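Right, one structure below, let's go through it.
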Amino acid sequence: MADAKQQQQTAAAATGVWKTVKPFVNGGASGMLATCVIQPIDMVKVKIQLGEGSAAQVTKNMLANEGVSSFYKGLSAGLLRQATYTTARLGSFRVLTNKAVEKNDGKPLPLVQKAFIGLTAGAIGACVGSPADLALIRMQADSTLPVAQRRNYKNAFHALYRIVADEGVLALWKGAGPTVVRAMALNMGMLASYDQSVELFRDKLGAGEISTVLGASAVSGFFASACSLPFDYVKTQIQKMQPDASGKYPYTGSLDCAMKTFKSGGPFKFYTGFPVYCVRIAPHVMMTWIFLNQIQKFEKQIGI
């Protein structure tokens, strides 16, 4: 009798743990699956931001000079980033949203509250995922540097090891300021607009499940792109910068980078590569939500 009671308590505890970690596991898994598909577009986007030409020119040069494998350079860092950043942001967003809905007596949340939760989830995710994001940017930008300045990281874990060994532990969060701000802007646009769009497509327009997911994902992808690209541009410039012969960096920080960018190219300079960025963000958002939806359906079918 005592053994049966103990087994029930153990099963209940396991169920409670799974219920707590489930949003995080599902979010990270869906993000990693989406990254495997989107990595080539992300690689082209970074090279456009680094001034290597249009999408067509960058694609042609990469194929001619480095082959197909060059499109997947930094994939290990991209997967590590999703395992940290997306796990934290999607998991925390769902947990915070569920708690807010409970306090709201089960009623849908207003858009402003969704946006605030999205900002919070983005900040949490960025703080956790910043080291992997730094490794990803450096690995993608390495081929644009002179041969003598290339870091030649073998994979994400080698990149993290080298960064710590050469620059110290705190260097893992270099550019964390703009990374956090960018993530907050992206998640505000992505997460809040997605939940709001789901309510619109499903409840007001009567769309089916597939149409709802695709439509809401497309809307959230656009708003995520529009809100986050300026911050993403600054973040990329900060993370890939190298000191000159005298040891001086081109920018003293994200604000200095933003001011110099604005003076040299005006506000539209921050939207360099927007079509490619939007094409990269929107499909990733869509596939993340689609994979997440399928994972949740599968879990319901097997009863977990």
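The values are calculated or read from the model by the stated rules, or taken from the named source; none is laboratory data. In this text the structure is predicted, and so the values were computed from the model without any measurement. Every residue, glycine as well, gets a Cβ built from its backbone with ideal geometry; the counts of neighbours run over all protein chains shown. Surface accessibility is based on the protein's heavy atoms, side chains included, excluding ligands, DNA and RNA. Shrake-Rupley method; radii C 1.70, N 1.55, O 1.52, S 1.80 Å.
In the range 255-290, how many are within 19 Å of the chain's Cα centre (by Cα), buried (at least 19 other Cβ atoms within 10 Å of the Cβ) and part of a helix (DSSP H, G or I)?
The total comes to 11.
Which of (1) open to solvent by 50 Å² or more (accessible area, probe 1.4 Å); (2) in contact (Cβ under 8 Å) with a residue 60 or more places away in the chain; (3) in a helix (DSSP H, G or I) is the odd one out, the single condition Gly122 does not satisfy?
(1)
Among residues belonging to the range 64-105 that are outside any helix (DSSP H, G or I) and modelled with pLDDT of 85 or more, point out the one that is most open to solvent (accessible area, probe 1.4 Å).
Asp105
Output the residues belonging to the range 150-188 that are in contact with a helix residue (DSSP H, G or I) (Cβ under 8 Å, 6 or more places away or on another chain), part of a helix (DSSP H, G or I) and free of Cβ contacts under 8 Å to residues at least 40 places away in the same chain.
Selection gives Leu160, Ile163, Val164, Ala171.
Out of the residues in the range 38-53 meeting the condition of being without any contact (Cβ under 8 Å) to a residue 40 or more places away in the chain and touching a helix residue (DSSP H, G or I) at 6+ places or on another chain (Cβ under 7 Å), tell me which one is least open to solvent (accessible area, probe 1.4 Å).
So, considering only residues that are without any contact (Cβ under 8 Å) to a residue 40 or more places away in the chain and touching a helix residue (DSSP H, G or I) at 6+ places or on another chain (Cβ under 7 Å), the one least open to solvent (accessible area, probe 1.4 Å) is Gln39.
Does the range 131-149 contain at least one residue that is modelled with pLDDT of 80 or more, on the phi < 0 side of the Ramachandran plot, part of a loop (DSSP other than H, G, I, E, B) and of a type in the set (Lys, Arg)?
no
Among the residues that make up the range 210-224, is at least one of them under 25 Å from Ala176 (Cβ atoms), part of a helix (DSSP H, G or I), open to solvent by 40 Å² or more (accessible area, probe 1.4 Å) and at pLDDT 85 or above?
Yes, some residue in the range 210-224 is under 25 Å from Ala176 (Cβ atoms), part of a helix (DSSP H, G or I), open to solvent by 40 Å² or more (accessible area, probe 1.4 Å) and at pLDDT 85 or above.
Looking at the range 275-300, which of its residues are aromatic (Phe, Trp, Tyr) and not assigned by the TED database to the domain that holds Lys47?
Within the range 275-300, Tyr277 is the sole residue that qualifies.
If the requirement is being in contact with a Gly (Cβ under 8 Å, 6 or more places away or on another chain), closer than 21 Å to Met241 by Cα and of a type in the set (A, V, I, L, M, F, W, C), which of these qualifies: Leu90, Leu134, Leu160, Leu145?
Result: Leu134 is the single residue among Leu90, Leu134, Leu160, Leu145 that is in contact with a Gly (Cβ under 8 Å, 6 or more places away or on another chain), closer than 21 Å to Met241 by Cα and of a type in the set (A, V, I, L, M, F, W, C).
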